[in-house]
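Please treat every number below as a calculation from the coordinates, not as lab data. Here the structure is a predicted model, which means the values were calculated and not measured. Because the Cβ atoms are built from the backbone with ideal geometry, glycine has one as well, and the counts that use them run over all protein chains shown.
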Amino acid sequence: MKKAKHNHILTGILLVVVIISCKTNFKLKLTEQEAPAYFKAKFETSKGDFEIESRKEWSPAAVNRLYQLIENQYYKDIAIFRVLPNYIAQFGIHNDSTITSAWNNIKLIDEPVIKTNTKGTICFARGGPESRGTDLFINLKNNSPLLDTISFMNVTGFPVVAQITSGFDVAELFYSGYGAELDNKQDSIFIYGNSYLREKYPELDYIHRAYITEKK
């Protein structure tokens, strides 16, 4: 009986994994893709386009993740849900929570800040050890040295993974009227997706899509 029960449990776990994989089209090998030493990408948004460059030396593990997310079309119809004028603009919660979970469950090692958080740089948000996942923020002003050196839960600073090279004026136009109101409602965004945001926060801007434009 014990062996049969154990087999039933294993079968159930495998079934859940298969269901999640089918729904999200997520494969673990996606997280093993290596970013080139240098790449460029374009982000098309509801306010216009901006372009970025990324260098692996700035934060190797996180630049890999950024490349993987863009290359696999993660940033599609993504709300820019937290815009604090003259500070940061944040986005990265997918409309499908299972997709966000799949990526966030693959932990990134913590890395030191190499490139400083100057105006137009982009970082992964984090709230503790190995917590960088899919959320990015744009520095809307020079936030160095504050965001380079701030310490919390045994991690220090926010490592830069990219720099806006054109279209920074677009980022400055993202709707900021809700301020930090959605800081404590990220669980609701995660659970209910864009339908919740479009009903409750109709003025938000969105990333329509992001794609790689150059690799070296």
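Spin-label model, residue 153 to residue 213: label points 7 Å out along the Cα-to-beta-carbon direction sit 3.5 nm apart. Based on Cα contacts under 8 Å between residues 6+ apart, the chain shows a relative contact order of 30 percent. In terms of its C-alpha gyration tensor, the chain comes out prolate, because a/c is 1.5 or above and the ratio a/b outweighs b/c.
Measuring between their Cα centroids, region 29-74 and region 124-202 lie 16 Å from each other. What does the charge count around residue 40 come to, taking other residues whose C-beta lies under 12 Å from its C-beta (Lys +1, Arg +1, Asp -1, Glu -1)? Combined, the nearby Lys, Arg, Asp and Glu give +1.
In this calculation the C-beta distance from residue 199 to residue 76 is compared with R0 = 22 Å, giving a FRET efficiency of 0.65.
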